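The values are calculated or read from the model by the stated rules, or taken from the named source; none is laboratory data. These figures come from a predicted structure and were not determined experimentally. We place every Cβ from the backbone using ideal geometry, glycine too, and count neighbours over all the protein chains shown. We work out accessible area using only protein heavy atoms, side chains counted, and drop any ligands, DNA or RNA first. Shrake-Rupley method; radii C 1.70, N 1.55, O 1.52, S 1.80 Å.
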Amino acid sequence: QVQLVESGGELVQAGGSLRLSCAVSGRTFSMGWFRQAPGKEREFVAAISWSGDIAYYTPSVKGRFTISRDNAKNTVSLQMNSLKPEDTAVYYCAARAFAVGMATIPKSYDYWGQGTQVTVSS
């Protein structure tokens, strides 16, 4: 059984930075971050391979966000810089536990955290 617990979300001004963390228990392969704004579908933000040497980003965050993982500490992080009001959403950590490939769609992930709120004020 895999458990994911996110932390780090808060209110920040536009142009600011936040670092989200996901504490992972259990065996996982690739990991991802998704976000969901009110009235919108959950969308892909970033994904990282098990080894941490491959990362994917949605175009709107590329160059501003960085996903990383520390398998020794069982954590996955999302460093978010130059935040914009449109980044406001609940951010979710997700894990693939039964397939080694990386994915960008929610249904490809097997486990989800409870989410952490990120609010960017203008």
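Could you tell me whether K73 is closer than 16 Å to T119 by Cα and exposed (fewer than 12 other Cβ atoms within 10 Å of the Cβ)?
no
Pick from V24, V5: which is in contact (Cβ under 8 Å) with a residue 40 or more places away in the chain, open to solvent by 60 Å² or more (accessible area, probe 1.4 Å) and under 11 Å from T75 (Cα atoms)? Break it down into steps so the answer makes sense when it comes.
On the way: V24 fails: open to solvent by 60 Å² or more (accessible area, probe 1.4 Å).
One residue alone meets the criteria, V5.
Can you list residue pairs whose Cβ atoms sit under 6 Å apart, with the first residue in region 37-65 being at pLDDT 95 or above and the second being loosely packed, with under 15 Cβ neighbours inside 10 Å and not hydroxyl-bearing (S, T, Y)? Count only pairs 6 or more apart in sequence or on different chains.
Every condition considered, the pairs that remain are R64/N81.
Out of all the residues in region 33-40, is one or more under 12 Å from the mean Cα position of the chain (by Cα) and either farther than 17 Å from P106 by Cα or aliphatic (A, V, I, L, M) (or both)?
Of the residues in region 33-40, the ones under 12 Å from the mean Cα position of the chain (by Cα) are 33-36.
Among the residues that remain, those that are also either farther than 17 Å from P106 by Cα or aliphatic (A, V, I, L, M) (or both) are: none.
No.
Matching residues to (1) more than 21 Å from G39 (Cα to Cα); (2) surrounded by 18 or more Cβ atoms within 10 Å (Cβ to Cβ); (3) in contact with a strand residue (DSSP E or B) (Cβ under 6 Å, 6 or more places away or on another chain):
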residue: P85; (1), (2), (3): no, no, yes
residue: A94; (1), (2), (3): no, yes, yes
residue: A99; (1), (2), (3): yes, no, no
residue: W112; (1), (2), (3): no, no, yes
residue: T119; (1), (2), (3): no, no, yes
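Please go through region 75-115 and give me each residue that is at pLDDT below 95 and either part of a strand (DSSP E or B) or not aliphatic (A, V, I, L, M) (or both), ordered by number.
Within region 75-115, F98, G101 qualify.
Kindly check whether there is at least one residue in region 36-44 that is surrounded by 14 or more Cβ atoms within 10 Å (Cβ to Cβ), touching an Asp or Glu at 6+ places or on another chain (Cβ under 9 Å) and not in a loop (DSSP other than H, G, I, E, B).
Yes, the conditions are met somewhere in region 36-44.
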